[in-house]
Each structure stands twice: as structure tokens, then as C-alpha cells.
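Below: one structure, written as C-alpha cells.
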Amino acid sequence: MDQLGAVLSVLPAPMRDPVLVAVPFFVLFLAIEWTAARKLEHLDAESESESRFESGRPARGSYLDRDARASISMGLVSVATMGAWKFLGLLGYAALYAYVAPWQLSASQWYTWVIALVGVDVLFYAYHRIATGSG
Amino acid sequence: MWIPLPLLGVPPWLVFTSFSINLVYQFWIHTERIGRLWRPVEFVLNTPSHHRVHHGMDALYLDKNYGGILIIWDRLFGTFQPELFRPHYGLTKPVDTFNIWTLESHEYVAIAHDVRLATGWRNKFGYVFGPPGWEPAPESGLGTPAAADATTEAGAVG
């Protein structure tokens, strides 16, 4: 945790990303799920054979090694490209915030966080739908 | 992507922090190990059950449950679909490869192929901007989504 703190302290306070703190928990929960998938595989095999689903599907919640590896690699590439876009975005957003916005909300007010979290969530919905769906 | 928020006076760093919190939230909904939760939770929040539907390639599950933290956006805007059976993951037209370069590029290659073969600007435009599975209509000239033929991001990282 000290090392993580040292890494984070290099960054200016506003850029300390909560995802970094969450990574160890991601790894922990992946390990738990992977173990559960292996332990419970025989239980799933029993219930699946009675179900209306075709055979030959992986057990519920199980991992396919090659699939997981491909997903993680693509995720790493995505982290790099997203980082570049975020840097450009930050410059543009900072200009809008400083010169165009009619007022500047304070991050120490609770409602600013509500606006930010709910605003990001509804915009995420919109872009997610445009990017992968019929829009 | 987040332009409206700095325009509303939200500090830019807080926009990115909020997006990170959103993505951290979405970690736990990517599992088949959690069934269905308490009804008020399923009503308001995006849950593993809702999100399995999002990644399903079954016709009933395509273009559904786009929410991040809250599922109410899907309920409000008509893209909500409850989980009625265990989804099938993957693409409607499987790529059949684990090569990440092919995985990243094949859909763009497929779109370019369709555009090259399409006749007329209207049809070329439709392949690029139409919904997944869009095809030129034979007579009317209006494209309709062929849901069973659509590709989705099911099974992908997003």
C-alpha cells in the first residue's frame, strides 16, 4: 500500500485515479470467481444436463483460458489508447470549464458529486447505446 | 464525450473520477455467479442479471441494458430487458479467432467490404451509420434492422 501511495503521490491530486486503488480487489475477486468456477463445475454439469440448454456450453461462470487471455490483452491495449484520449479530453474540458462554463462548481460541495456521477452515468448510457446499438 | 459536464461547471478531473467510479462499479456485474438480487436493487441499479442480458447474443437480448451504474435509463428510454433465460455469449457471426489484432479490426474490415459492394450512396451510408445488421431494403429504400443478423459487443471487453 505504501508503494501504491508513492506511485499516486507523483500525480497531482486531481489525477489520482480510483481505478488504481481498485485493481488489487479486481484481482482478488477474479481469483475467487475462478476458484468457484472450478469447484462448482460438477454441480453445474448436473443442473445443466436437466436444463433446456444445449450441451457443449462452458459451465456457468467458468473461464475459457484463451478467451480470458485475449480479453485481458485487448483491455491493456484499450488502457493505452484511452489514456491518450483522456489526455486530449482533459485539455479540451479544462478550456470549456475555465472559459465557457457560466459558473464553476466546487468539488467540496456534495451536489457537485451528484451532478458529476449522475451526469456521467446518463452520458455513458447514451454513448454506450450509440456505439454498440441501433442508437 | 463528456462535454456537457465541464459546460455545467463540473471540474474536469471530477468528470474522469466519476467515470472511473462508474467503471469500478461495473466490475462486479460481469459474473454468472450472482443470480438475482432484492427487487428494489434490481429496479434501480445495474446488476449482474441485467448485464448478462447486455452481453447476450440472443435476439431478445440484442441492443438492451446499456446502463452503467443505474438501470433506470434503460427503463426510461425503452431498452430494458429482464433476464428470462441464461444468455448465450459471443457474436451472432462468430469471429473464430483469439488473435487480438483480428478481433480489433475484423468488424471494420467487414464494414469496408459491405460498403465497397454496396450500390449507391444511400446504401453505402446505411452500412456505416445504420444499426447492427442493417441491409438495403429491396424496394422501399428504408433500412430495417435484421436483429438475428446483428453483431453486438457481446463477450467483448466493453
Does segment B:41-54 contain any residue that is facing another protein chain (nearest Cβ under 7 Å) and either aromatic (Phe, Trp, Tyr) or surrounded by fewer than 20 Cβ atoms within 10 Å (Cβ to Cβ) (or both)? no
Please determine whether any residue of segment B:88-111 is within 12 Å of chain A (Cβ to nearest Cβ), over 17 Å from residue A:71 (Cα atoms) and in contact with a Phe, Trp or Tyr (Cβ under 9 Å, 6 or more places away or on another chain). yes
Sole exception among (1) surrounded by 19 or more Cβ atoms within 10 Å (Cβ to Cβ); (2) in a helix (DSSP H, G or I); (3) β-branched (Val, Ile, Thr) for residue B:92, by number: (2)
Does residue B:141 satisfy the criteria of being at pLDDT below 75, within 11 Å of chain A (Cβ to nearest Cβ), at positive phi and not in a helix (DSSP H, G or I)? no
Specify which of the listed residues (B:78, B:35) is surrounded by fewer than 17 Cβ atoms within 10 Å (Cβ to Cβ) and on the phi > 0 side of the Ramachandran plot. B:78
Are any residues in segment B:83-101 among the hydroxyl-bearing types (Ser, Thr, Tyr) and at pLDDT 80 or above, and if so, which ones? B:89
Identify the single condition in (1) assigned to a helix (DSSP H, G or I); (2) at the interface with chain A (Cβ under 8 Å from one of its Cβ atoms); (3) surrounded by fewer than 17 Cβ atoms within 10 Å (Cβ to Cβ) that residue B:73 does not satisfy, given that it satisfies every other one. (3)
If I go through segment B:58-70 residue by residue, how many of them are without any contact (Cβ under 8 Å) to a residue 60 or more places away in the chain and not in a helix (DSSP H, G or I)? 8
Can you name the condition, by its number, that residue B:105 falls short on among (1) surrounded by 13 or more Cβ atoms within 10 Å (Cβ to Cβ); (2) part of a helix (DSSP H, G or I); (3) among the hydroxyl-bearing types (Ser, Thr, Tyr)? (1)
Scanning segment A:95-117 residue by residue, those among the aliphatic types (A, V, I, L, M), closer than 16 Å to residue B:3 by Cβ and within 8 Å of another protein chain (Cβ to nearest Cβ) turn out to be A:96, A:100, A:101, A:105, A:115, A:116
Residue satisfying all of: in segment A:10-22; more than 8 Å from every other protein chain (Cβ to nearest Cβ) and either outside any helix (DSSP H, G or I) or surrounded by 13 or more Cβ atoms within 10 Å (Cβ to Cβ) (or both); modelled with the highest pLDDT among these: A:21
Cβ pairs under 8 Å, 6+ apart, first in segment B:96-118 and in contact (Cβ under 8 Å) with a residue 12 or more places away in the chain, second part of a helix (DSSP H, G or I) and of a type outside the set (A, V, I, L, M): B:111/B:127; B:114/B:127; B:115/B:124; B:115/B:127; B:118/B:124; B:118/B:126; B:118/B:127
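The values are calculated or read from the model by the stated rules, or taken from the named source; none is laboratory data. Not measured: the values here are computed from a predicted model. Positions of Cβ are backbone-derived with ideal geometry, glycine not excepted, and every protein chain shown enters the neighbour counts.
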